[in-house]
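Below is one structure, written out as structure tokens, with a few remarks after it.
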Amino acid sequence: MTASVVIPVLNGEPWLDEVLAAVFSQRLDTPLEVIVVDSGSSDRSRDIARTHGATVIEIAPEEFGHGRTRNLAVARSSGDLVALLTQDATPAHDRWLHSHTESFSLDARVGASFGPHLPRPDANPLTTRLLSEFFAGFSPNGEPVLHRRGDITYLSSNNCCIARAAWEEIPFRDIPYAEDQALGADLLAAGWTKVYQP
């Protein structure tokens with residue numbers, strides 16, 4: 001399977017170099033396509049993305065929508081699997097994307113995989129504890145967990161991967177926020193499954 005990574009960006013300069021360095025350091029058996037959708041940054045975000053070798057799609061600020069922009073990026077990508085990050089979400093290790101791709105072998109109907117949000121080193125202790133406890137609840141034993149219809153619908157586009165076949169059937173909704181939560185619910189309702197990949 002081929003893989004793409006999509007990152008919506010607006011003034012992401014403080015984090016983008018680190019994020020893209022981690023993305024392009026992923027150990028994969030196939031070529032990696034990275035697409036950054038920039039919605040009017042006034043900083044060096046576009047230059048940083050191009051320096052790393054990402055394809056940059058520029059849109060006007062008023063064209064941005066959380067679901068709409070992600071749909072645009074997925075449509076312009078070529079991977080069988082499309083991972084999504086936010087501009088400040090740095091993959092924790094060089095097998096991050098490989099872990100997501102492995103999720104799709106757990107069931108023939110896996111439409112999406114999602115992983116935890118790890119706190120940044122400068123996060124306050126409360127944020128660190130809340131994130132740790134929240135995501136530990138998805139997999140107390142640290143193993144991947146398959147979700148089917150009737151299970152928890154949570155999905156986060158901060159750190160997820162979707163199957164193109166599932167997205168072609170059920171794209172992100174064009175809504176003001178929580179487009180990822182809606183996608184998780186829509187996928188399960190349609191008979192797709194999803195995987196929590198710790």
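Using Cα pairs under 8 angstrom and six or more residues apart, how large is the relative contact order of the chain, in percent? Present the calculation step by step, with values, prior to reporting the outcome.
On the way: 395 pairs, mean separation 50.8, N = 198.
Relative CO of the chain lands at 26 percent.
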Convex hull over the Cα atoms of segment 1-72, averaged projected area in nm²? 4.9 nm²
Can you tell which of 159, 141, 11 shows the greatest fluctuation in a Gaussian network model of the chain with Cα springs below 10 Å? 141
Return the single residue from 44, 148, 109 with maximal mean-square fluctuation; model: Gaussian network over the chain, springs between Cα atoms under 10 Å. 44
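Going by how many other beta carbons lie within 10 Å of each one, how would you line up 132, 4, fewest first?
Ranking 132, 4 by Cβ neighbours within 10 Å, fewest first, gives 132, 4.
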Looking only at Cα atoms, what is the convex hull volume of the chain per residue, in Å³? 118 Å³
Report, in deg cm²/dmol and to the nearest 500, the calculated mean residue ellipticity at 222 nm for the chain, where each DSSP H run with n ≥ 4 adds -39500 (n - 2.57) and the sum is divided by the residue count. -10000 deg cm²/dmol
Convert each backbone phi in segment 140-151 into a coupling constant with the Karplus relation 6.51 cos²θ - 1.76 cosθ + 1.60 (shift: θ = phi - 60°), then list the ³J(HN,Hα) values in order as whole Hz, x for Gly and Pro. x, 9, x, 9, x, 10, 8, 10, 10, 3, x, 8
Surface/4 of the Cα convex hull for segment 66-110, nm²: 4.1 nm²
Within segment 3-196, the percent of DSSP beta bridges that are antiparallel, given to the nearest 5, stands at 35 percent
When the chain is treated as a Gaussian network with springs between alpha carbons less than 10 Å apart, the largest mean-square fluctuation among 178, 89, 136 is found at 136
Within 10 Å, count the other beta carbons around each residue, average over each peptide in 76-85, 25-34, and list them highest first. 76-85, 25-34
Of all the Cα-Cα pairs you can form in segment 55-132, what percent are over 16 Å apart? 65 percent
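Since every read-out is calculated from the coordinates, none of them should be taken as a lab result. If you're wondering where the values come from, they're calculated on a predicted model, not measured in any experiment. Please note: Cβ atoms are built from the backbone with ideal geometry, for glycine as well, and neighbour counts cover all protein chains shown.
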